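The next block holds one structure in the form of structure tokens; read it before the comments.
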Amino acid sequence: MRRAPLLRQYFETLLAALGPSGWWPADSPLEVAIGAILTQNTAWSNVERAIAALKDAAVLSPEALLALPEETLASLIRPAGYFRVKARRLRHFLSFLTAHGGTMENLRHVPQLRQRLLEVPGIGPETADSILLYALDVPRFVVDTYTRRIFHRHGLVPEDIGYDELQAFFEDALSPDVPLFQEFHALIVRTGKSWCRPTPRCTRCPLAPLLPPS
């Protein structure tokens, strides 16, 4: 089967089984970007608590966040884990944002934005692409451990496939469609968390009918 129809089959199967994901939960593009940094190596529920603390402190703006002492910022985002490291990463991103006009909208006009984001300390490919896709509506397919695990177990990609190659596996086959990329990524994450764990739960997984014969 050609790759585009096959990937569409995976998408439609997951959407029919799980329904729309409603991702990314945030009140603004800035909140999406902050969440993308805070969610590194932690559960989303912890990120929600950290963002709620920033809102309660009325500091959810680039100016207010940068004005905070780093220790104060770290204390506020403590629920997200690795809070001192993430405070520094947030400040690096906010400094980058300020240097380019201070608003997420202005970032849309930065040449070679993905590469520029990757030059910000603490922002790797998955975080950069999450910011691009969910905060700025740029069609970059976000891949992660769940994507690699699911599609390797289905015999479609090597286990050691790199980030860029795995991303190209999707982007080369699918039209650059922001809502499709957002929903497909969200469905993959939901599937990975519920069924495609290190020890798989294949029997109840919506994708079980698409597994290759054993």
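The values are calculated or read from the model by the stated rules, or taken from the named source; none is laboratory data. Treat the numbers as computed from the prediction; the structure is a model and nothing was measured. Cβ: placed from backbone, ideal geometry, glycine included. Neighbour counts: every protein chain shown.
Between Leu90, Leu118, Leu76, the distinction of being within 24 Å of Val142 (Cβ to Cβ) and in contact (Cβ under 8 Å) with a residue 24 or more places away in the chain belongs to Leu90 only. May I ask you to list the residues in the range 166-185 that are in contact (Cβ under 8 Å) with a residue 12 or more places away in the chain and either part of a helix (DSSP H, G or I) or within 13 Å of the chain's Cα centre (by Cα) (or both)? Leu166, Gln167, Phe169, Phe170, Glu171, Val178, Leu180, Phe181, Gln182, Glu183, Phe184, His185, listed by residue number. Taken over the range 26-39, the residue count meeting the criterion of being in a loop (DSSP other than H, G, I, E, B) and not β-branched (Val, Ile, Thr) is 3. Pro111 satisfies every condition listed in (1) under 21 Å from Ile34 (Cα atoms); (2) in the same structural domain as Ala67 (by TED's automatic domain parsing) except (1). The one condition from (1) among the hydroxyl-bearing types (Ser, Thr, Tyr); (2) part of a helix (DSSP H, G or I); (3) assigned by TED's automatic domain parsing to the domain that holds Val120 that Thr42 does not meet is (2). In a residue-by-residue description of the range 53-65, the property of being among the acidic types (Asp, Glu), without any contact (Cβ under 8 Å) to a residue 60 or more places away in the chain and assigned by TED's automatic domain parsing to the domain that holds Gly192 applies to no position.
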